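The values are calculated or read from the model by the stated rules, or taken from the named source; none is laboratory data. Computed from a predicted structure; not experimentally measured. Because the Cβ atoms are built from the backbone with ideal geometry, glycine has one as well, and the counts that use them run over all protein chains shown. Please note that ligands, DNA and RNA were not included when accessible areas were found on the heavy atoms of the full protein model with its side chains. Shrake-Rupley method; radii C 1.70, N 1.55, O 1.52, S 1.80 Å.
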Amino acid sequence: MQLSKEQIKIIESKGNIKINAVAGSGKTTTVIEYAKSRPKDSRILYIAFNKSVKLEANKRFTEAKLNNVQIETAHSLAYKHVVIPFQYKVKLQGYKIHELSEIIGLNGLAEKHAEFILSNHINKFVSIFCNSDRLKVQEINYLDYVLDDKARQFVENYYKIIEQQTRLFLAKMDKGEIDITHDFYLKKFQLMNTQLGYDYILFDEGQDASPAMLDIFMKQNSIKVIVGDTHQQIYGWRNAVNSLEKVDYPNYSLNTSYRFNNNIARLATSVLDWKAYLGPFKSLDILGNGINQKLKQRAIIARSNLGLLLKAIEFITENPKVKKIYFEGNINSYTYADEGASLYDVLNLSTGKRHLIKDALISNMKSIEELEEYIENTEDRQLSMMLEIVNEYGNEIYDLLQNIKSKHVENAEKEQAEMIFSTVHRSKGMEYDEVLLVDDFITEESIDKQINNLDREYNSAKIQEDINLLYVAVTRTKNILHIPEGLLPKGFPQLESINVIKKPEKNSIEKQITVKKKTYNNFVELETGSNYQKSKPKESYQTWTPALDAELIKLFKKGRSIQELAHIFGRSKGSIWARVKKLDLGDYYSE
């Protein structure tokens, strides 16, 4: 194997070091070669960020015949030193809000659903403390982590209760009165200050380590190597910190990517340059040395679950002949919140089918308005996204999701998938031959607006992480990138292998649609006595009537595309396609 000068410098280094490695720069290869060059009798620990990285690393180190390397995650280490000897029982999925509320027993509070809102904040406070390097709960000001004004007001009113109950909940886990969480046993391991007894410790994906993980690593009496990419730090919402910037070790770099070509590297660099809006920033010099030409694995990557799910619905609607798709991670995780509520629960609340709601939290809501109020008081992003999807698609969700799930293949068949869907978080560490980005990432224009909005203080850390998310997404491709025009840096040139998706312009077809829509609106008013207005979402998703179905059938058989019909009827493309399937018009469909 021909190693680069950068890699050789790292392998020949002495003492503690940190390695800043750009996407696709061969950091795992470098770490393996580093381990090979150490004495054969050395005890080496490799700490992977998560289980999937651990499995891949295990395979790579085994192939390299490095039997003296132990591969663990921070949690698997903590499990062996805390859960097993203390004989704790672990709550595998964590505590749902209604479960925590029952354990704590907060009753008789004046505000509506206050016990659930308080439990939500207590759950977050527990997670923040467990992932911190602090010794006591009181050393953390939870208000620093609450951004929404309404949520802050609620927390200020109940701060003493939230802090007290956070401490009591942790004490119950410590005493074994209730099952412990994964965050808890990691925290206990950090507080135990255990020496692991390795000669070398290699910490991968260090930029996304929590302060608790970093503290465990830094206190070891070993030669330590921390490796990662400062600009791939995307887990701030999980209490991660950019550990590479916090570690004062001699710095080494891997700036050549063997994944993608120089045009992709140029785009990635230009995206990172947006950080200059936030203050002094030294531009990164990324060299793209990838020579991949095949187009076998294609992927669609979104910033959010919502963005991805909406794109998947659109893709399936417009490509009905596609038979096999794959979602990175468990496909059900895209329709469930971490707390256990499902998209169907929110839909059933919206449609008044309360008897079908399975989640205890949602079943306690009397209306969608109450759920909206709960979301405002807790900043629950996942429930907020589910509510958006329900507002967008209504009852069509059942057919649309069933269609997606019927085409989804298992892990073993991933390579046969005609399209892979992933959020940027789940695509971390992955690479694909061709990538299409969903238009839900941060833009240079939005950064500019936030920075120059004198009426509102901007969140610098959030903007940095949003920039990192786009950088990670861009650098997943090995060959071709399809990117919405709005995501490009200002003045970025047209380059080979970067396909810019332009915003649709008004053309003659759309003019025809506008004319047809006017005719259709008159038709609706004539036949149903209703005055159709697309601007009102609830009306645009009213129940399909025989008159509407008749018009849809007529236009569909005349060859109108799904997109045209969506414009004419004022509904989403997914909604139109679901109705087309319901009416058994699939045989008339032509691409």
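A compact table of results
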quantity	calculated
Theoretical gain in end-to-end length, Asp273 to Asn16 [0.36 nm per residue, Cα-Cα removed]	89.6 nm
Helix 546-557 vs. the chain, principal-axis angle (Cα, 0 to 90°, nearest 10)	80
Computed [θ] at 222 nm, helices only, for the chain once each DSSP H run of length n ≥ 4 contributes -39500 (n - 2.57)	-13000 deg cm²/dmol
FRET E, pair Gln382, Asn68, Förster distance 45 Å, beta-carbon r, rounded to 0.05	0.60
Environment charge at Glu102 (Cβ cut-off 12 Å; Lys +1, Arg +1, Asp -1, Glu -1)	-1
Additional length obtainable on full extension of the chain from Asp448 to Arg43, 0.36 nm per residue less Cα span	140.8 nm
Per residue solvent-accessible surface (Å²) - the chain, probe of 1.4 Å	49
Nearest-20 debye value, the chain charge dipole, Cβ charges on Lys, Arg, Asp, Glu	1380
Accessible carbon and sulfur surface of segment 372-449 relative to its total accessible area, %, 1.4 Å	42
Prolate/oblate/rounded label for segment 184-339 (Cα gyration tensor, a/c 1.5)	oblate
Dipole of segment 242-318, positive direction: furthest Cα of Leu278, Tyr258, Ile291, with charges on the beta-carbon	Ile291
Overall form of the chain per C-alpha gyration tensor (a/c, 1.5; a/b vs b/c)	oblate
Entries in Lys502/Lys558; Lys27/Lys91; Lys321/Lys490; Lys353/Lys582 that, when Cα-Cα distance is taken, lie over 30 Å	Lys27/Lys91; Lys321/Lys490
Helix 460-474 vs. the chain, principal-axis angle (Cα, 0 to 90°, nearest 10)	80
Net length gained if the chain between Met192 and Glu370 were fully extended (0.36 nm per residue, minus Cα distance)	59.7 nm
Three-way shape label, segment 358-415, alpha-carbon gyration tensor, a/c 1.5	prolate
Rounded FRET efficiency, nearest 0.05, which uses the C-beta distance separating Gln402 from Asp285 and R0 of 35 Å	0.10
Separation in nanometres of the label points that stand 7 Å from Cα toward Cβ, at Val500 and Asn157	5.0
Most to least packed among 215-224, 124-133 [average Cβ atoms within 10 Å]	124-133, 215-224
Cα long-axis angle, helix 368-378 against the chain (0 to 90 degrees, to the nearest 10)	20
Dipole magnitude (debye, nearest 20) for segment 334-457, charges at Cβ of Lys, Arg, Asp, Glu	620
Label-point separation in nm, Glu102 to Glu485, each point 7 Å along Cα→Cβ	5.5
Charge-dipole axis of segment 362-429 as Lys and Arg at +1 and Asp and Glu at -1 on Cβ define it, positive-most pick from Asn395, Ile420, Asn364	Ile420
Packing-based order for 457-463, 326-332, 468-474, 484-490, using average beta carbon neighbours within 10 Å, highest first	468-474, 326-332, 484-490, 457-463
